[in-house]
Amino acid sequence: MRKFFTSESVTEGHPDKLCDRISDAVVDAIVGADPAARCAVECCAAFDRLLIMGEVTTTAEIDYEKIARETIKNTGYEHGSFAYDKCRIDVAVHTQSPDIAMGVDRAGSEDVRDSFGAGDQGMMFGYACRETEELMPLPIALAHRLAERLANVRKCGILPYLRPDGKTQVTVEYEGKKPVRVETVVVSAQHNSKVSQKQLKEDILKHVVSVIPAELLDENTKYLINPTGRFEIGGPEGDSGLTGRKIIVDTYGGRCAHGGGAFSGKDATKVDRSAAYMARYVCKNLVAAGLCDEVELQIAYAIGVAKPVSVFVDSYGTGKLPDEEIADIVVKEFDLRPYSIIETLDLRKPVFLNTAAYGHFGKSGFAWERVNRAPDLKKYL
């Protein structure tokens, strides 16, 4: 029986992703100047205007409008109503609620790791599997690869008629748990008024879809390039954008559960972000160590409390040990208190803008993608 799974991605110029990028550019600017800062910054973009809103506690002096315009320009919006030098930008940022700060900075313990509570309640998920070298699900990995390539051929001038907005989607066929071929590829690319649909389809197939390994494609693979026809008006001019609206694109493409919390615009004291990164780190090391071939990890917190209220493991039947024992190993080997997560993953640095497009996971260079704990975990086999 044939089985399929589909995941999507978007380019950095998609209106939601543009908002993510501006939010994380602000976070990087703040954290770069004040590592102890607290921020939760969101953006809303529509037609010819941008609203930057949220709460920030910092000693840094930040020019929000300048950061936003530079990010909009770097993303490629030099035309239309939302051009970087034309759009209207409003800023509505205030100081963080003292009630939330009190929970994070809860006193009364000699160990700072215990006195540094979670900034909110909630559950965060991590995941890893053996489908790709980076231990990510193949559908989302391919969708990201297509989306990033779609942006690159625009920026380097191979397809100069393209504009920043775009979406990709990949359907993979499985035999059991093994991915065997690509069933459908969807690419929607914003473009100028001069290119024909025939030329665009030919170019996308030649210069973008070609990043998918040839062995995964066959004569039955379907290619849907701009399936609705022309796509000239895009970005915030064509559809509104909002920070945090692409949480499945940001994570595992729908392969595992999601706690609902977005990442972009938040500093590392927000467990929505930092604990999700830690959960990925744990899962990747469990798989790399050979304790399982696939694993999902849930970590849950209560506001103002440092230690998780629960840790849950599901290895989908691939574990070399029972899931309950793997969960015990996680608790024993990894310090999941927020302060320790920030230390382990070195999250008081401006590393967040690079996460804001093409996924937060599966990319090299991030601390949560290391497998340095795998040798230690092998002792449990």
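The values are calculated or read from the model by the stated rules, or taken from the named source; none is laboratory data. Bear in mind the structure is a predicted one, so any value in this text is a computation, not a measurement. Ideal geometry is used to build each Cβ from the backbone, glycine not excepted, and the neighbour counts take in all protein chains shown. All accessible areas refer to the heavy atoms of the entire protein, side chains included, with ligands and DNA or RNA removed. Shrake-Rupley method; radii C 1.70, N 1.55, O 1.52, S 1.80 Å.
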(Q) All but one of (1) among the aliphatic types (A, V, I, L, M); (2) in contact with a Phe, Trp or Tyr (Cβ under 6 Å, 6 or more places away or on another chain); (3) under 21 Å from Met136 (Cα atoms) hold for Val211; state the number of the condition that does not hold. (A) (2)
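Determine, yes or no, whether Gly229 is at pLDDT below 95, of a type outside the set (A, V, I, L, M), farther than 30 Å from Arg88 by Cβ and assigned to a loop (DSSP other than H, G, I, E, B). Walk me through it before giving the result.
Numbers: at pLDDT below 95: yes; of a type outside the set (A, V, I, L, M): yes; farther than 30 Å from Arg88 by Cβ: yes; assigned to a loop (DSSP other than H, G, I, E, B): yes.
The answer is yes for Gly229.
Give me a count of the residues in region 340-353 that are touching a Gly at 6+ places or on another chain (Cβ under 9 Å) and either over 22 Å from Ile30 (Cβ atoms) or surrounded by 15 or more Cβ atoms within 10 Å (Cβ to Cβ) (or both).
So the count comes out to 3.
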Q. Is it the case that region 152-160 has a residue that's in contact with a Leu (Cβ under 8 Å, 6 or more places away or on another chain) and either buried (at least 24 other Cβ atoms within 10 Å of the Cβ) or part of a strand (DSSP E or B) (or both)?
A. no
Q) Among the listed residues Asp335, Asp328, which satisfies the condition of being among the acidic types (Asp, Glu) and part of a helix (DSSP H, G or I)? A) Asp328
(Q) If I filter region 354-381 down to residues being open to solvent by 20 Å² or more (accessible area, probe 1.4 Å) and among the hydrophobic types (A, V, I, L, M, F, W, C), which single residue comes out as nearest to Glu133 (Cα to Cα)? (A) Val371
Q: Quick one: count up the residues across region 264-296 that are within 14 Å of the chain's Cα centre (by Cα), open to solvent by 10 Å² or more (accessible area, probe 1.4 Å) and either over 20 Å from Cys19 (Cβ atoms) or not acidic (Asp, Glu) (or both).
A: 1
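Tally time: how many residues in region 205-220 are in contact with a helix residue (DSSP H, G or I) (Cβ under 9 Å, 6 or more places away or on another chain) and in contact (Cβ under 8 Å) with a residue 24 or more places away in the chain? Write out each step before concluding.
So the first thing to find is which residues in region 205-220 are in contact with a helix residue (DSSP H, G or I) (Cβ under 9 Å, 6 or more places away or on another chain), and the list is 207-213, 216-217.
Then keep just the ones that are in contact (Cβ under 8 Å) with a residue 24 or more places away in the chain; that gives 207-209, 211-212, 216-217.
Looking only at that region, the number is 7.
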(Q) Being more than 16 Å from the chain's Cα centre (by Cα) and either farther than 15 Å from Thr6 by Cα or crowded, with 21+ Cβ neighbours inside 10 Å (or both) narrows it down to one residue among Pro137, Pro164; which is it? (A) Pro164
Q) Would you call Ile299 in contact (Cβ under 8 Å) with a residue 40 or more places away in the chain, over 15 Å from the mean Cα position of the chain (by Cα), over 30 Å from Thr71 (Cα atoms) and open to solvent by less than 30 Å² (accessible area, probe 1.4 Å)? A) yes
Q) If you go through region 346-361 one residue at a time, do you hit one that is touching a residue at least 40 places away in the same chain (Cβ under 8 Å), within 17 Å of the chain's Cα centre (by Cα) and not in a loop (DSSP other than H, G, I, E, B)? A) yes
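Identify all residues within region 172-196 that are at pLDDT 95 or above, open to solvent by 20 Å² or more (accessible area, probe 1.4 Å) and over 13 Å from Leu150 (Cβ atoms); write none if there are none. Step through it out loud before you land on a result.
In the first step, residues of region 172-196 are kept if they are at pLDDT 95 or above; the result is 172-175, 178-192, 195-196.
Going one step further and asking which of them are open to solvent by 20 Å² or more (accessible area, probe 1.4 Å), we end up with 175, 178-181, 183-184, 186, 188, 192, 196.
Residues satisfying the conditions are Glu175, Lys178, Pro179, Val180, Arg181, Glu183, Thr184, Asn192, Ser196.
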Q | Residue list for region 212-232, restricted to those being among the β-branched types (Val, Ile, Thr) and either more than 29 Å from Thr71 (Cβ to Cβ) or surrounded by 14 or more Cβ atoms within 10 Å (Cβ to Cβ) (or both) | A | Ile212, Thr221, Ile225
Q) Filter region 302-325 for residues that are part of a strand (DSSP E or B) and modelled with pLDDT of 95 or more; which is most open to solvent (accessible area, probe 1.4 Å)? A) Phe312
